[in-house]
Amino acid sequence: MHKDYTKYSADQLLNDDYFLQSELHPTEESRLFWQNLMEENEPLAAEIEIARLLLNALEKDTEIPSLTSTEENTLWQQIEQTNIETERKNRRSRIIREVFSIAATITLLFAVGWYMAFEPKKQGTDYLAIIESINIPDSASQKVQLILDNNEKMDLEGDEAQLEYKKEGQVNVNSKKVELEKQESTQPAYNQLVVPVGKRSSVTFSDGTKIWVNSDTKVVYPVAFANEKREIFVEGEIFLEVSHDAKRPFIVKTKQMEIKVLGTKFNVSAYKNENNMQVVLVEGKVEVNTDNKNKSLLAPNQMFHYDGRLQKGKISTVDINDYVAWKDGYYQFHHESLNVILRKLSRYYGTLIYCDNTDNDLSCSGKLDLKDNLEDVLNSLKRAIPLEIENKNESIKINVKH
Amino acid sequence: MWEDESKIKWDQFLAGDNNAYSWIYKAHIQMLFRYGRRFTSDTELIKDCIQDVFTGLYKNRKQLITPRNIKVYLLISIKNSLVNALYREDRYTPYDSEAVPFALGLSVEEQYLDNEQYANQQKKIQEILNILTPRQKEIIYYRYIQELSFDEICTMMDMNYQSAQNLIQRSLKKIREEYGSPEIFLLILTYLAH
């Protein structure tokens, strides 16, 4: 049953599977087999001893110090941490890819609702993906748009369209009931309000919270708030009157800030192409978290100013009307630079107003009634600053007189 | 048995089961760490490479298949990672596999430590091992310590069956020749037996 090992030398034995098996994992049978051979054959016995000597002489793996259980666990934690980061990166790049592919078809399909249903849980990135997939028309002739969860796009009439979500699920536009198709879905449904330049809007949510939405702004919000929090995403400027609910904090997310409140009145300005973002608190208390991981608490009449490029935040005391009066139809400025004022007016009226010498350090204080047409507003401005107004085709050029 | 269970866990891991992933880590970590010690004494580097291998598995798990042999697959992965870190700064130049040192030491048996004969014998074996090339040491390690089959050794060392056979044959012959005549060893053994 076994080979004839009579003439085997040590090195041949070491290369023999049965010999190795017998040495490394001996059984009673194998032990007896080799013992018999060794008794019968002295030269073979010597060779077997040499082979064994070598096998036994080799340093066993178990003699090498192993990792301590602490080291083993620490290493495992590092592996898991890296994996979490990988997942996050994958998710982000997947979303970016999704957005690009969606953006290509969006003008035809308005597939946003589908997208939102597709990735409903990962909201931090989700919102941005939704927002960036829709272009705000930069012409004042565009209407305020409501984009529903089922991709449907609805135009809202008027310069200051009002939208209201009733508790029982009914939706009113400009105080008139509209029929929205109900979609049975386990995923939270999102709506998006797109307000172009030259238009304003307001939304009243089912919890009673009201937001005023300034020109050139997008807001994404769930049709019904979650049980544990009320969360919306904004790019642009909104003013909020949050109804108090201690059990469900209200969270306003922007690309670089997250503002958390229980019930309060405040203004958030976080435009896409501006590095300067502000949160101005009128009433109550808010907590602002930014992407530089700092947390700031605001008291009434305080402004949190965030420089998105430097990732630096600063709190100062301000005249709140300078920042929130737009919702009541006027702008109020205290030593505000001409450039900022012109930018705000451009948005509000939907007409590009520009000033060639942008490095001017002109500033201005006063009120501008936004109910007036742009020409009147600029004429009011002319009384404070020596300006020359030049009407170009679709835009207005401002020359500062020296 | 162990290998069979590893394969089941591997399939579960590829299907997205993180517990199976953790099981694979726990089942192989000490073996892989000790294997790494054969190439370097830099334990931090070994840990880094183990981390790279496991996070790489996780990252690519959608593209992975179940290897024929999990243990061999993991050993190769660690070896490649370590060798890359240690010797292949330029990853486009093939490295000289003979140049990668491999530590194959001697077992220390406490009970004989004071024995002069034993000490001499150990010294002799160490000398013999020292005349082996790193690659010969490596193959002896796979064969007698990791107890890999020839097929597995071929995979590990990236060589065909005949070359692997020849390599180990040469190594063993070298050892056998260095031992000298069996009679001398019989004397040693007789001495040790008493």
> Which of (1) more than 7 Å from chain B (Cβ to nearest Cβ); (2) in a loop (DSSP other than H, G, I, E, B); (3) modelled with pLDDT of 85 or more does A:L67 not meet, given it meets every other one?
Replying inline: (1)
> Taking segment A:3-24, which residues are at pLDDT below 85 and surrounded by fewer than 10 Cβ atoms within 10 Å (Cβ to Cβ)?
Replying inline: A:K3, A:D17
> What are the residues in segment A:125-159 that are modelled with pLDDT of 75 or more, assigned to a loop (DSSP other than H, G, I, E, B) and in contact with an Asp or Glu (Cβ under 7 Å, 6 or more places away or on another chain), if any?
Replying inline: A:K143
>> Checking the conditions here, which among A:D376, A:D307, A:D356 is out of contact with any His (no Cβ under 6 Å at 6 or more places or on another chain), outside the structural domain of A:D159 (by TED's automatic domain parsing), loosely packed, with under 12 Cβ neighbours inside 10 Å and of a type in the set (D, E)?
In response: A:D356
> Which of (1) of a type outside the set (K, R); (2) under 22 Å from A:S202 (Cβ atoms); (3) in contact (Cβ under 8 Å) with a residue 12 or more places away in the chain; (4) not in a helix (DSSP H, G or I) does A:L345 not meet, given it meets every other one?
Replying inline: (4)
>> Of everything in segment A:264-316, what is among the acidic types (D, E) and assigned to a loop (DSSP other than H, G, I, E, B)? Give them in sequence order.
In response: A:E274, A:D291
>> Let me spell it out: the conditions are (1) outside any helix (DSSP H, G or I); (2) in contact with a Pro (Cβ under 7 Å, 6 or more places away or on another chain); (3) modelled with pLDDT under 75, and B:P101 meets all of them except one. Which number is the exception?
In response: (3)
> Looking at segment A:366-399, which of the residues that are over 22 Å from A:H334 (Cβ atoms) and among the basic types (K, R) is farthest from the chain's Cα centre (by Cα)?
Replying inline: A:K392
> B:T190 passes all but one of (1) at pLDDT below 75; (2) hydroxyl-bearing (S, T, Y); (3) under 30 Å from B:V83 (Cβ atoms); which number fails?
Replying inline: (3)
> Restricting the first residue to segment B:19-45 and requiring it to be in the same structural domain as B:N80 (by TED's automatic domain parsing), which pairs with a second residue that is part of a helix (DSSP H, G or I) and of a type in the set (D, E, K, R) meet a Cβ separation below 6 Å and a spacing of at least six or different chains?
Replying inline: B:A20/B:K9; B:W23/B:K9; B:I24/B:K9; B:I29/A:E72; B:R34/A:D61
> When B:L82 is evaluated against the numbered criteria (1) farther than 25 Å from A:K89 by Cα; (2) out of contact with any Gly (no Cβ under 7 Å at 6 or more places or on another chain), which criterion, by number, is the only one it fails?
Replying inline: (2)
> How many residues does segment A:156-177 hold that are closer than 15 Å to A:G208 by Cβ and among the basic types (K, R)?
Replying inline: 2
> Of the conditions (1) assigned to a strand (DSSP E or B); (2) buried (at least 22 other Cβ atoms within 10 Å of the Cβ), A:S215 fails just one. Which one is it?
Replying inline: (1)
> Going by the structure shown, is B:L75 within 14 Å of chain A (Cβ to nearest Cβ), at pLDDT 90 or above, surrounded by 21 or more Cβ atoms within 10 Å (Cβ to Cβ) and more than 21 Å from A:S69 (Cβ to Cβ)?
Replying inline: yes
> Do we find that B:E138 is closer than 18 Å to B:M31 by Cα and either free of Cβ contacts under 8 Å to residues at least 24 places away in the same chain or surrounded by fewer than 18 Cβ atoms within 10 Å (Cβ to Cβ) (or both) in this structure?
Replying inline: no
>> Tell me yes or no: at least one residue of segment A:166-178 is surrounded by 13 or more Cβ atoms within 10 Å (Cβ to Cβ), of a type in the set (K, R) and either more than 25 Å from A:K255 (Cβ to Cβ) or over 24 Å from the mean Cα position of the chain (by Cα) (or both).
In response: no
>> Taking the condition of being away from every other protein chain (no Cβ under 14 Å) and in a helix (DSSP H, G or I), how many residues in segment A:1-33 meet it?
In response: 6
>> Against the condition under 21 Å from A:K60 (Cβ atoms), crowded, with 18+ Cβ neighbours inside 10 Å and hydrophobic (A, V, I, L, M, F, W, C), how does B:I70 come out, does it pass?
In response: no
>> Of the conditions (1) closer than 17 Å to A:S215 by Cα; (2) free of Cβ contacts under 8 Å to residues at least 12 places away in the same chain, A:N391 satisfies every one except a single condition; which number is it?
In response: (1)
>> Taking the conditions exactly as written (part of a strand (DSSP E or B) and either of a type outside the set (G, A, S) or within 20 Å of the chain's Cα centre (by Cα) (or both)), does A:E258 satisfy them or not?
In response: yes
> Looking at B:G36, is it within 11 Å of chain A (Cβ to nearest Cβ), among the small types (G, A, S) and over 17 Å from B:P67 (Cβ atoms)?
Replying inline: yes
>> I'd like to check something: does segment A:34-43 contain any residue that is surrounded by 18 or more Cβ atoms within 10 Å (Cβ to Cβ) and away from chain B (no Cβ under 14 Å)?
In response: yes
> What's the number of the condition A:I50 fails, among (1) aliphatic (A, V, I, L, M); (2) within 21 Å of A:N15 (Cβ to Cβ); (3) more than 7 Å from chain B (Cβ to nearest Cβ)?
Replying inline: (3)
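The values are calculated or read from the model by the stated rules, or taken from the named source; none is laboratory data. A quick note: this is a predicted structure, and the numbers were derived from the prediction, not measured. Virtual Cβ from ideal backbone geometry, glycine too; neighbours counted across all protein chains shown.
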